[in-house]
1. Sort out for me the Cα centre separation of segment 7-55 from segment 334-375, rounded to whole Å.
2. Applying 1/(1 + (r/R0)^6) with R0 = 41 Å to the Cβ-Cβ distance of Asp82 and Ser387, what FRET efficiency is obtained, to the nearest 0.05?
3. Please calculate how many Å² of accessible area the chain carries per residue, with a 1.4 Å probe and no DNA, RNA or ligand atoms counted.
4. Ranked from highest to lowest mean number of other Cβ atoms within 10 Å per residue, what is the order of the peptides 307-318, 141-152?
5. Kindly rank 283-295, 242-254, 4-16 from highest to lowest mean number of other beta carbons found within 10 Å of each residue.
6. Placing +1 at every Lys and Arg Cβ and -1 at every Asp and Glu Cβ, with all other atoms neutral, what dipole size does segment 316-391 have around its Cα centre, in debye to the nearest 20?
7. Quote the charge dipole size of segment 3-146 about the Cα centre in Debye, to the nearest 20; the model charges only the Cβ of Lys and Arg (+1) and of Asp and Glu (-1).
8. Only four residue types carry charge here, +1 at the Cβ of Lys and Arg and -1 at the Cβ of Asp and Glu. Report the dipole size of the chain about the Cα centre in Debye, rounded to the nearest 20.
Amino acid sequence: MMRRISIFGATGSIGQNTLDLIGRRPDEFQVVALTGGRNVAQLAKDALDFNAEIAVTAHEDCYADLKQALAGSTVTVAAGEDAIVAAARRPVDWTMSAIVGAAGLPPGLAALEQGKVLALANKESLVTAGPLINATAKRYGATILPVDSEHSAVFQALIGEDKRAVERVIITASGGPFRDWPVSKLAKATLEQALNHPNWVMGQRITIDSASMFNKALEVIETKEFFGFQPDQIEVLVHPESLVHALVGFNDGALMAHLGAPDMRHAIGFALNWPERAPLPVDRLDLARVGQLRFEAPDEVRFPALRLAREVMASGGMAGAVFNAAKEIALDAFIARQIGFLDMAQVVEDTLTKMSSEPGLIDAAFNLDNVTQTDHLARVRAAELISVRNQ
Ligand code: NAD
Ligand code: MG
C-alpha cells in the first residue's frame, strides 16, 4: 500500500529536503497536496514531478501563474489561506508541517483532525498554541512527531524510557555567526552577516533567528509544549560543532546524547520512517576526524531572547503567541533594514510588557479564534513600537 502524504511549505528548505527523501523511494509514497508561496515555478515543477493531486499557493495573486504552469496536467490548482486549510483536510497518512511562522497553525490543526501522523517542523505553531495543538491531537487520536533536530534527538533519546525518570533536557545551540561577538558589535550586525550560518543551511528566517538565538528561545518553549517538561528542566548549551543535537539527563545521572551530521534529512527521515528506522542518505560522523567537541554556557545578556523565553514560560497562557508574533514582526523589520539586530529583542520585550497589561489576553481560553486575535494584536503592537522607535 502506498502511503499518502502532504507537504505544507513544500518549496522551503524543510519541504525540499522532504521531497528529496520521498523522491528516492517513489514506489512507497503518493503525494497528495503540496503548498508554497511565491515560488510558483518550484511548486509547479514539484507538483508535476511527484504527480501531486493538488498544488496550493498561499497568495491569491499567484493563482493565475500557478494555473498556467500546471495547464494540461491533472494537478488541481488553488490559492489562499483557506485553500491551504482545505488541502490539509484531504485524506492522508502523513503530513509534513513546514510552513514558516504562525501561518502554519491552521493547516496543522486541520491535519491533526485527520487523526493520523503530523511531522511538525513548524515550531512557531507550538510556541503560539501548544495547548491547542496538544488538545487537538489528543481529541482526534493523532500522533505528532518532532522535526526539529534537537527535538527529534530528545524524542529518540526517550524511546523505551520512563519520562518520570528524566531530570533534565539539554538542547544545543551552535551559537550562530555571532557566538563570540561583543554587544557593541552585535548592535551593528547586518542582515548579510546574520544570514551567514556556520553549520546549517536553512530558510532565511530561521537562519536569522539562529543568529539572534530567537530560534533557540522558540525551541525551549517547543520543548516544554512538546514533551511537557517543566521550564526549569530545560537547558540550553552552546556547542559550536552542531554534532550533538540534544542530551537527556536521567535521575541516575546518566546523560543520553544524540549525535549526527547537521543535515535535516535525519530528523525528517526519522519522522518519515517512524516507528521503524531505515537507511538515510546523510553523512556518517567520523569522530576521530572531528577530534574535539566544545561546549559553553549561553550568554543571556548578549542573547536576551533566551531570557525572554523563560519569562514567557513563567507567564503562561497566550504569552507564547505574543512572543512569536512580535518576533515575526521584529524579524520582518530587521530584514527590511528598519531596525538593528539587537532591536529585535527589545521590540519583542516591549510588546510582551505592553500586552501583559491588556486584560484578558494572556488568560483567554485556548481556541483558534482567541489565538488568532492575540497573534494579530501582538503584530499591531509590535509594528507600532517599531514605528515609534523610527520616528
Ligand atoms: P523556508 O523559508 O525555507 O520555507 C518556508 C515555506 O513556507 C515555503 O514553502 C513558503 O512558501 C511557505 N510559506 C511562507 N510563508 C507562508 C504563509 N504565510 N502561508 C503559507 N505558506 C507560507 O523555511 P524552512 O527553513 O524550510 O522552515 C520551515 C519551518 O521548519 C519553520 O517553522 C522552521 O522554524 C522549521 N525548521 C526548519 C529547519 C531548517 O533546517 N530549515 C530546522 C528546524 C525547524
Ligand atoms: Mg532546531
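1. Centre-to-centre (Cα) distance: 33 Å.
2. 0.85
3. 43 Å²
4. 141-152, 307-318
5. 4-16, 242-254, 283-295
6. Values: 6 positive and 10 negative charges, 43 e Å.
About 200 debye.
7. Numbers: 13 positive and 14 negative charges, 85 e Å.
Here segment 3-146 has a charge dipole of around 420 debye.
8. It works out to roughly 280 debye.
The values are calculated or read from the model by the stated rules, or taken from the named source; none is laboratory data. In this text, all values refer to a predicted model and were calculated from it rather than measured experimentally. As a convention, Cβ positions derive from the backbone with ideal geometry for all residues, glycine included, and neighbour counts pool all protein chains shown. These accessible areas exclude ligands, DNA and RNA; they are computed on the full protein's heavy atoms, side chains included. Shrake-Rupley method; radii C 1.70, N 1.55, O 1.52, S 1.80 Å.
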